[in-house]
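Colleague: The structure follows.
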């Protein structure tokens, strides 16, 4: 295992070392100590390596991740796993605003709560939240899955496209064009896999599904150019 003291050795050196790894690397396991809430930790990785951060981080942790498995043993600030492409990001604590924003792929697991705009403009990422999510979560969500084992705040799924939202608890309010939809057998199976991947012991039958009513401007053929 490679151990990197972020306080002593600095952020630029850390990200340069991690970004230099390739699929052929034998330095596959990294431990980052003394993060002390630093921003942009482990961003832009593109190799099948495992990175463990021993503490909480600031904004944009694990942004633009590809292939890597990144585990934060603490909480994360705004924009964790922003624009993620593949791989796995796990946050043991809470996540601040817009977790998983614009994510194209991979899996983000938040074992605590997520703040507002979780999954905003998500484009294929799977997000599993063990706790609650704040207002405007999945705003303009285009594709992928958001699983919330707790409650959701105001305006869930506002202006949603084709993403699937699964919520076990209560929803304070739904956003524009977001409606409750039938949980068919195929959705139960999708959710079962996501809960297993996210390490949740909830049962898929306990959830409700939400998605687009397809009544907004972009769904009208007369508006196509």
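Values quoted throughout were computed directly from the atomic coordinates according to the rules given, and no laboratory measurement underlies them. Because the structure is predicted, anything quoted here is derived from the model rather than measured. Cβ sites come from the backbone with ideal geometry, for glycine too, and all protein chains shown count toward neighbours.
Colleague: Among 97, 27, which is closer than 20 Å to residue 131 by Cα, surrounded by fewer than 23 Cβ atoms within 10 Å (Cβ to Cβ) and without any contact (Cβ under 8 Å) to a residue 40 or more places away in the chain?
Modeller: 97
Colleague: Okay, moving on. Provide a single number: the residues in the stretch 180-219 that are in a loop (DSSP other than H, G, I, E, B) and free of Cβ contacts under 8 Å to residues at least 60 places away in the same chain.
Modeller: 10
Rundown of residues vs (1) touching a helix residue (DSSP H, G or I) at 6+ places or on another chain (Cβ under 7 Å); (2) within 26 Å of residue 68 (Cα to Cα), yes/no style:
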| position | (1), (2) |
| --- | --- |
| 110 | no, yes |
| 135 | no, no |
| 204 | yes, no |
| 212 | no, no |
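Colleague: Yes or no: residue 25 assigned to a loop (DSSP other than H, G, I, E, B), in contact with a strand residue (DSSP E or B) (Cβ under 6 Å, 6 or more places away or on another chain) and closer than 21 Å to residue 1 by Cβ?
Modeller: Spelling it out, it is not the case that residue 25 is assigned to a loop (DSSP other than H, G, I, E, B), in contact with a strand residue (DSSP E or B) (Cβ under 6 Å, 6 or more places away or on another chain) and closer than 21 Å to residue 1 by Cβ.
Colleague: From 134, 106, 124, 150, grab the single residue that is touching a residue at least 40 places away in the same chain (Cβ under 8 Å) and closer than 25 Å to residue 205 by Cα.
Modeller: Of the residues listed, the single one that is touching a residue at least 40 places away in the same chain (Cβ under 8 Å) and closer than 25 Å to residue 205 by Cα is 106.
Colleague: Ok, one more. Can you pull out the residues in the stretch 150-177 that are under 16 Å from residue 100 (Cβ atoms) and in contact with a helix residue (DSSP H, G or I) (Cβ under 8 Å, 6 or more places away or on another chain)?
Modeller: The answer is 161, 164, 166.
Colleague: For the stretch 167-183, which residues satisfy the criterion of being within 18 Å of the chain's Cα centre (by Cα) and either over 19 Å from residue 107 (Cα atoms) or surrounded by fewer than 24 Cβ atoms within 10 Å (Cβ to Cβ) (or both)?
Modeller: Of all residues in the stretch 167-183, those within 18 Å of the chain's Cα centre (by Cα) come to 167-168.
Residue satisfying the conditions is 168 alone.
Colleague: In the stretch 41-51, which residues are out of contact with any helix residue (DSSP H, G or I) (no Cβ under 7 Å at 6 or more places or on another chain) and surrounded by fewer than 18 Cβ atoms within 10 Å (Cβ to Cβ)?
Modeller: Selection gives 48, 50.
Colleague: Here's another thing I want to ask about it. Take residue 82 and tell me if it is surrounded by fewer than 16 Cβ atoms within 10 Å (Cβ to Cβ) and under 19 Å from the mean Cα position of the chain (by Cα).
Modeller: Answer is no for this residue.
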